[in-house]
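The block underneath contains the structure these notes are about, expressed in structure tokens.
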Amino acid sequence: MPVNYATKTGTRTKQAQNNSLTLTAAAADSGKRLDSFVHERLPEYSRSRLQSWIKQERVHVNTAAARASHLLKPGDSVSVSPADLAPLHAQPEELPLKILYQDEDVVVVDKPAGIVVHAGAGNSHGTLVNALLHHFGTLSTISGDDLRPGIVHRLDRDTSGVIVVARTDEAHQSLASQFHSRSVEKVYLALVHGHFARPEGRITAPIARDPVNRVRMTTKLATGRSALTEYQTLETIGAYSYLEVRIGTGRTHQIRVHLASLRRPIYGDTIYGAPAASLGRFFLHAHRLSFDSPSTGERITVESPLAPELAALLATLRHNTVNMDVLK
């Protein structure tokens, strides 16, 4: 007998016989792409896994297989037939791992800059996932992505700081739901070029892939996905501003492209217009992460101190600014 799950935007039905899922498009989903719709409704599965199921014709709209670009109408019935999960391909590697917090559900790690979170094109070894598999043996596999076990969210290669990883499938589902509902608090520290007219502000420009340079994201297209970034100036240091940044969404390069859209690129981020710097990375650090324990519901807050190279840069800039003031 089908089991219905109420959601904020519609109904989700699970057929016990073949484990298929049926989703109903609401009025707010009108004109939405099929791949975006199923990813929003099924956050426990990775985007790449859902894309592969669409290509395998495991996703139907009103009983007919449809392309990822298919645009939905209110009332459309979308059925998803999950494929059996393949065995993990990510391999354990004995690599340094700084654990900030762990329990039976999750592990929270302090990721250094220069480390990729999971394997991908050109990055099959030396990733955070490789290190986690060596240390813990197994991670959640519910996403079905063989190269991303346990991964619920990501940090860019050159972003350091706090990242939470799911150890069990139940924890993965809970964390994915929390990220989807935006109940996870994410606080970053960033150094940008220039000063703001006001010490704090909100950026809500939608974000899309740059059609010219696919490495970049952009806020200049009307087709972008909604995004929210809030910033507060902690300190002005010479020609720079040291910020605390909070994000309500988790779009690719969100903080970087949002700040660059205000002509305040992050220090060292040459992709978004900052001058080249000798730092060897850009100045963005995931400082604090708060979420609810998947098993107890208790609020867990984990902090990562500013990475040593970033703290050293701030000290140098402050010293140089004081000396310039004296010379005046």
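The values are calculated or read from the model by the stated rules, or taken from the named source; none is laboratory data. Keep in mind that what you see is a predicted model, and the values were worked out from it rather than measured. When we count neighbours, we look across all protein chains shown, and the Cβ atoms used for this are built from the backbone with ideal geometry, even at glycine.
Only residues that are exposed (fewer than 14 other Cβ atoms within 10 Å of the Cβ) and either in a strand (DSSP E or B) or within 25 Å of the chain's Cα centre (by Cα) (or both) were counted in segment 68-84, giving 2. The residues in segment 45-56 that are over 16 Å from Thr22 (Cβ atoms) and assigned to a loop (DSSP other than H, G, I, E, B) can be counted, and the count is 2.
Find the strands (runs of 3 or more DSSP E) located wholly in segment 148-255 whose residues include 3 or more that are free of Cβ contacts under 8 Å to residues at least 60 places away in the same chain, and list them.
Counting at least 3 such residues, we get 200-203, 229-237, 240-247.
Residue count for segment 37-73, restricted to those that are out of contact with any strand residue (DSSP E or B) (no Cβ under 8 Å at 6 or more places or on another chain) and closer than 20 Å to Thr223 by Cβ: 7.
Yes/no matrix, rows are residues, columns are (1) assigned to a helix (DSSP H, G or I); (2) in contact (Cβ under 8 Å) with a residue 60 or more places away in the chain; (3) under 20 Å from Tyr231 (Cβ atoms); (4) not hydrophobic (A, V, I, L, M, F, W, C):
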{"position": "Ile271", "(1), (2), (3), (4)": "yes, no, yes, no"}
{"position": "His287", "(1), (2), (3), (4)": "no, yes, yes, yes"}
{"position": "Ser295", "(1), (2), (3), (4)": "no, yes, no, yes"}
{"position": "Ile300", "(1), (2), (3), (4)": "no, yes, no, no"}
{"position": "Pro305", "(1), (2), (3), (4)": "no, no, no, yes"}
{"position": "Glu309", "(1), (2), (3), (4)": "yes, yes, no, yes"}
{"position": "Leu317", "(1), (2), (3), (4)": "yes, yes, yes, no"}
{"position": "Asn320", "(1), (2), (3), (4)": "yes, yes, no, yes"}
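Yes/no matrix, rows are residues, columns are (1) within 22 Å of the chain's Cα centre (by Cα); (2) of a type in the set (Asp, Glu):
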position: Ile237; (1), (2): no, no
position: Glu244; (1), (2): yes, yes
position: Arg251; (1), (2): yes, no
position: Gly268; (1), (2): yes, no
position: Ser295; (1), (2): no, no
position: His319; (1), (2): no, no
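Scoring Glu303 on the criteria (1) of a type in the set (Asp, Glu); (2) under 27 Å from His319 (Cβ atoms); (3) over 21 Å from the mean Cα position of the chain (by Cα) leaves a single failure, condition (3). A residue that is touching a Pro at 6+ places or on another chain (Cβ under 6 Å), at pLDDT 85 or above and within 22 Å of Ala176 (Cα to Cα) can be found somewhere in segment 98-109. Scanning segment 184-233 for residues that are surrounded by fewer than 16 Cβ atoms within 10 Å (Cβ to Cβ), more than 17 Å from the chain's Cα centre (by Cα) and of a type in the set (A, V, I, L, M) yields a total of 4.
Okay, residues lined up against (1) outside the structural domain of Val165 (by TED's automatic domain parsing); (2) of a type in the set (Gly, Ala, Ser); (3) touching a helix residue (DSSP H, G or I) at 6+ places or on another chain (Cβ under 7 Å); (4) touching a residue at least 40 places away in the same chain (Cβ under 8 Å):
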site	(1), (2), (3), (4)
Ser48	yes, yes, no, yes
Trp53	yes, no, no, no
Arg58	yes, no, no, no
Thr63	yes, no, no, no
His70	yes, no, yes, no
Pro74	yes, no, yes, yes
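The listed residues are Glu94, Glu40, Glu57, and the only one of them that is at pLDDT 80 or above, surrounded by fewer than 18 Cβ atoms within 10 Å (Cβ to Cβ) and closer than 25 Å to Gly224 by Cα turns out to be Glu40.
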